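Quick notes on the structure that follows.
The values are calculated or read from the model by the stated rules, or taken from the named source; none is laboratory data. Just so you know, these numbers come straight off a predicted model, no measurement behind them. For accessibility, only protein heavy atoms count, side chains too; no ligands or nucleic acids. Shrake-Rupley method; radii C 1.70, N 1.55, O 1.52, S 1.80 Å.
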Amino acid sequence: MIGVNELTTFFGWCTVINLGVYLFSAFFIIVFKSFTINLHSKIVGVEASELPSMYFKFLGNYKIGILLLNLSPYLALKLMA
């Protein structure tokens, strides 16, 4: 049986890892914007003009997912302990 402490540690590390992936993605999209747009437009076949809005939606949805699925359970478990 998994205890509250193990679950708290699990969700804490999930939050850290997902925030790292989020920051890496945002950094890569911002710093290497033209390279990323050219690469994704060739791979996926989407127009280059549509990709910035798709990146914005992706980063927003990913951030909401981190908050709902990682950070909220972590904070709830921290309050329980």
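Take every Cα pair under 8 Å in segment 14-81 that's 6+ residues apart, average their separations, divide by the length, and report that relative contact order as a whole percent. Please report the intermediate quantities before stating the final value.
Values: 21 pairs, mean separation 27.8, N = 68.
It rounds to 41 percent for segment 14-81.
As a test of the formula, what do you get for the chain when each DSSP H run with n ≥ 4 contributes -39,500 (n - 2.57) and the sum is divided by the residue count, at 222 nm and rounded to the nearest 500 deg cm²/dmol?
For the chain, the value works out to -26500 deg cm²/dmol.
Kirkwood hydrodynamic radius (Cα pairs, Å) of the chain?
Values: mean 1/r = 0.0693 Å⁻¹.
Across the chain, the inverse of the average 1/r is 14.4 Å.
Let me confirm the definition first: pairs of Lys residues in the chain, 8 or more apart or on different chains, C-alpha distance under 21 Å. How many are there?
5
Compute, for Tyr74, the solvent-accessible surface of its heavy atoms (probe 1.4 Å) with the complete set of protein chains present, and express it in square angstrom to the nearest 10.
About 60 Å², ignoring ligands and nucleic acids.
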